[in-house]
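Colleague: One structure coming up, written as structure tokens, with questions to follow.
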Amino acid sequence: MFGQNTELVFSVVCGALLGTGFAIEKLADNAAGWIPTVLFVGAYFFGGFYTVREAIENLRLRKFEIDTLMLVAATGAASLGAWAEGALLLFLFSLGHGLEHYAMGRAKRAIEALAALAPATARVRRDSDVREVPVEELRVGDVVVVRPNERLPVDGFLVKGTSSVNQAPVTGESIPVDKQPVDDARTARKKPDAVEATSRVFAGTINGAGAIEVEVTRLSSESALAKVVKMVNEAEAQKSPSQRFTEKFERIFVPAVLVLVALLLFAGMVVDEPFSATFYRAMAVLVAASPCALAIATPSAVLSGVARAARGGVLIKGGAPLENLGSLKAIAFDKTGTLTEGRPHITDVIAADGISEKELLTVAVAVESLSDHPLAAAIARDGRKLLNGSVVQEASHLQSLTGRGVTATLDNETVWIGKPDMFGAEAIAPLGDAMMKAAQMLRSSGRTTMIVRHGDRDLGAIGLMDTPRASAQAALQALRDLGIMRMIMISGDHQRAAEAVAKEVGIDEAWGDLMPEDKVEAIQKLREEAKVAMVGDGVNDAPAMANATVGIAMGAAGSDVALETADVALMADDLKHLPFVVGLSRHTRAIILQNVYISLGVVAFLLPATILGLGIGTAVAMHEGSTLIVVFNALRLLAYREKSR
């Protein structure tokens, strides 16, 4: 009738009938006595309509919950002739329920608003024509034309035009990001997840002043925006520790209340009073002890917190990681792509005796062009520049030696490219003295070192260095201000390289030379001491993230793996969102605790008070008042802002 607000409207009508009936009863001496009663009965209908529906549904599921207790209490009040008190009970209970659903609906609408950001149609270039089609009809590989100041309808990469794109709806970035076409569309088509951020765009973001053309890499149902909406909705079903506690408490407490009420009905056998007074007291206790506020204390706060995070470009998969983030004492960071830009560049090329730099780089580029690893991408990119357009043969049969390097086939011979430690292990011949000396020299200067071997010849060593993120130092200081006292960088790079980056970004502990399995052991060790989060890229760090209290993925908007493996996904490739989400989670945790204390505190006061004679009207007002406080307290999270530093 009134859409999603029908329950709230029915509650207001109930209140109006109750107020009118009460005024006539008290102020109009000459009014017919039946008029207030009719108004109270009308209030019962509108106040109890949704309560009866929910109670019947719960009973069908063999669940005896708070709605049923409220109806029993209202029916008991009517049987005593206390129609006004019963109507007041139903009015406040329905008002609390209506506002609860309104609060939940508002949080859900904040999520649904994200889904509505992507346009319903797109202009696609087909057969030399540009035609407008529904986004559902777009296929991977289609080229979509986006005019200035329009929202992008798809995820993809630029193939034509330059512009700046406002990515705040998806990644939370406050400043528009400059975009340019990819250098090689064919390579980008093969490896869409490896496309540079400067060429990648997402559905729902806003184009700037330049016209651009975008090649589609994901269907509309699989876009980053669609996945965020889907996963945030699924987060409701994942219960937090506080929610599990309150549900367990209710399962014990509700039957205990029913037993207490049953005993109170026989109080007349001990105390000299009429049954009507005994029954009235029992109904008052029933009202007072129903943990309505407790039932919504946690879910309302969790949903509001998750919705606020999604609006800020952070995906939190449920109440458990949201609460756990708020109680963290330590955070471990991967180095490459997390504390650094993830764009290492070649700093040194040391060819072995009798080998030219050109031969060394030609072999390295041929093999590393097949890999998605950031170090491989750097060698392929910078190597091509150093070769000045020289033709590079195609390698084949790439195999990853996890955490060590890669092997492939070129000119019918095996090529090994990897860390110095890879050589001399697992049936791979050790390095010669000259290569060992070159590797040690590069390591001592903090370089990441890769050795290249073709067949049985060591071609040389390549030194690389990554650039620390500009935002890393400020983000780490903001985390310290929030109370994260221990931060550790864990890396597969040489210890000296790890220490060099750690010193630059302001981290005291740097653990280098770690294989993926070593990272897992490091996280397990840290977790024995305190709750710890692991921040990584969601691909190479997935095992370590899975073993942490909370796994946090960076730059998840462009990575399907990151979205699926992490507990928390920072959609933007920017560390500054980490203090925001930690601060939000701490604020959420504080509000959950406030709500639990309020709801339990009111029950703890009202239970003995009603046994000692507090009336139903006062009990109802205090009981349902606490429910309203809890709802509005949770809604404050939707307006959360990170404190400026």
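The values are calculated or read from the model by the stated rules, or taken from the named source; none is laboratory data. Keep in mind that what you see is a predicted model, and the values were worked out from it rather than measured. Don't worry about glycine lacking a Cβ; one is built from the backbone with ideal geometry, like all the others, and counts go over all protein chains shown.
Colleague: Working carefully through the options GLU112, GLU132, find the one that is at pLDDT below 90 and either of a type in the set (D, E, K, R) or within 30 Å of ALA621 (Cα to Cα) (or both).
Modeller: Answer to the selection: GLU112.
Colleague: I'm checking my understanding of the structure. Among residues of region 446-457 that are surrounded by fewer than 23 Cβ atoms within 10 Å (Cβ to Cβ) and in contact (Cβ under 8 Å) with a residue 60 or more places away in the chain, which one is nearest to THR338 (Cα to Cα)?
Modeller: HIS454
Every residue, every condition in (1) assigned by TED's automatic domain parsing to the domain that holds ALA295; (2) over 16 Å from LEU315 (Cβ atoms); (3) at pLDDT 85 or above, yes or no:
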position: VAL535; (1), (2), (3): no, no, yes
position: ASN540; (1), (2), (3): no, yes, no
position: ILE552; (1), (2), (3): no, no, yes
position: ILE591; (1), (2), (3): yes, yes, yes
position: ASN595; (1), (2), (3): yes, yes, yes
position: VAL603; (1), (2), (3): yes, yes, yes
position: PRO608; (1), (2), (3): yes, yes, yes
position: GLY625; (1), (2), (3): yes, yes, no
position: VAL630; (1), (2), (3): yes, yes, yes
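Colleague: If you take just the strands (runs of 3 or more DSSP E) that sit entirely in region 301-388, which of them hold at least 2 residues that are outside the structural domain of SER491 (by TED's automatic domain parsing) and either within 28 Å of GLU509 (Cβ to Cβ) or in contact with an Asp or Glu (Cβ under 7 Å, 6 or more places away or on another chain) (or both)?
Modeller: 314-316, 345-351
Colleague: Let me ask something else. Since THR75 meets every condition but one in (1) crowded, with 16+ Cβ neighbours inside 10 Å; (2) under 22 Å from ALA295 (Cβ atoms); (3) more than 37 Å from the chain's Cα centre (by Cα); (4) of a type outside the set (A, V, I, L, M, F, W, C), which condition does it not meet?
Modeller: The single condition THR75 does not satisfy is (1).
Colleague: Kindly provide the set of residues from region 577-601 that are within 13 Å of LEU482 (Cβ to Cβ) and out of contact with any Phe, Trp or Tyr (no Cβ under 7 Å at 6 or more places or on another chain), ordered by number.
Modeller: Scanning region 577-601 gives LEU578, PRO579, PHE580, VAL581, VAL582, GLY583, SER585, ARG586, ARG589, ALA590.
Colleague: Further, regarding this structure: Please pick out the residue among ALA425, ALA475 that is among the small types (Gly, Ala, Ser) and in the same structural domain as THR407 (by TED's automatic domain parsing).
Modeller: Answer to the check: ALA425.
Colleague: Another question, if that's okay. Please tell me if GLY492 is without any contact (Cβ under 8 Å) to a residue 40 or more places away in the chain, closer than 30 Å to SER445 by Cβ and not hydrophobic (A, V, I, L, M, F, W, C).
Modeller: No; evaluated as a whole, the condition is false for this residue.
Colleague: Looking at region 554-564, which of the residues that are buried (at least 20 other Cβ atoms within 10 Å of the Cβ) and assigned to a helix (DSSP H, G or I) is modelled with the lowest pLDDT?
Modeller: That would be GLY558.
Colleague: Could you grab me the full set of residues in region 408-438 that are in contact (Cβ under 8 Å) with a residue 40 or more places away in the chain and in contact with a Pro (Cβ under 8 Å, 6 or more places away or on another chain)?
Modeller: If the condition is that a residue be in contact (Cβ under 8 Å) with a residue 40 or more places away in the chain and in contact with a Pro (Cβ under 8 Å, 6 or more places away or on another chain), then MET435 is the only one that fits.
Colleague: On the basis of being touching a residue at least 40 places away in the same chain (Cβ under 8 Å) and farther than 30 Å from ARG589 by Cα, does ARG443 make the cut?
Modeller: It is true that ARG443 is touching a residue at least 40 places away in the same chain (Cβ under 8 Å) and farther than 30 Å from ARG589 by Cα.
This table checks each residue for (1) modelled with pLDDT of 80 or more; (2) aliphatic (A, V, I, L, M); (3) farther than 30 Å from LYS248 by Cβ; (4) surrounded by fewer than 16 Cβ atoms within 10 Å (Cβ to Cβ).
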site	(1), (2), (3), (4)
ALA43	yes, yes, yes, no
ARG53	yes, no, no, yes
GLU65	no, no, no, no
THR68	no, no, no, no
GLY81	no, no, yes, yes
GLU85	no, no, yes, no
LEU88	yes, yes, yes, no
LEU92	no, yes, no, no
GLY98	no, no, no, no
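Colleague: Tell me which residues, restricted to region 503-535, are more than 26 Å from LEU401 (Cα to Cα), crowded, with 16+ Cβ neighbours inside 10 Å and among the hydrophobic types (A, V, I, L, M, F, W, C).
Modeller: VAL505, ILE507, LEU526, VAL532, ALA533
Colleague: Looking only at region 238-289, how many residues end up being of a type outside the set (Phe, Trp, Tyr), within 21 Å of THR75 (Cα to Cα) and either surrounded by 14 or more Cβ atoms within 10 Å (Cβ to Cβ) or not assigned by TED's automatic domain parsing to the domain that holds ALA609 (or both)?
Modeller: Residues meeting the conditions: 20.
Colleague: Looking only at helices (runs of 4 or more DSSP H) that fall completely inside region 443-535, which ones have 2 or more residues that are more than 30 Å from GLU368 (Cα to Cα)?
Modeller: 472-481, 516-529
Colleague: Given ARG251, ARG200, which one is of a type in the set (D, E, K, R) and out of contact with any Gly (no Cβ under 6 Å at 6 or more places or on another chain)?
Modeller: After applying the criteria, what remains is ARG251.
Colleague: Still on this structure, please answer the following. Could you tell me whether region 565-584 includes any residue that is crowded, with 20+ Cβ neighbours inside 10 Å and more than 23 Å from GLU642 (Cβ to Cβ)?
Modeller: yes
Colleague: I need the full set of residues from region 246-295 which are touching a residue at least 60 places away in the same chain (Cβ under 8 Å) and more than 18 Å from LEU69 (Cα to Cα), in order please.
Modeller: Matches in region 246-295: SER276 only.
Colleague: Examine region 593-603 for a residue that is on the phi < 0 side of the Ramachandran plot and under 21 Å from the mean Cα position of the chain (by Cα), and state whether such a residue exists.
Modeller: Yes: one or more hits.
Colleague: Just for region 290-300: of the residues that are buried (at least 24 other Cβ atoms within 10 Å of the Cβ) and among the small types (Gly, Ala, Ser), which one is farthest from TRP511 (Cα to Cα)?
Modeller: SER290
Colleague: Mind counting the residues in region 377-404 that are closer than 14 Å to HIS454 by Cα and of a type in the set (Gly, Ala, Ser)?
Modeller: 2
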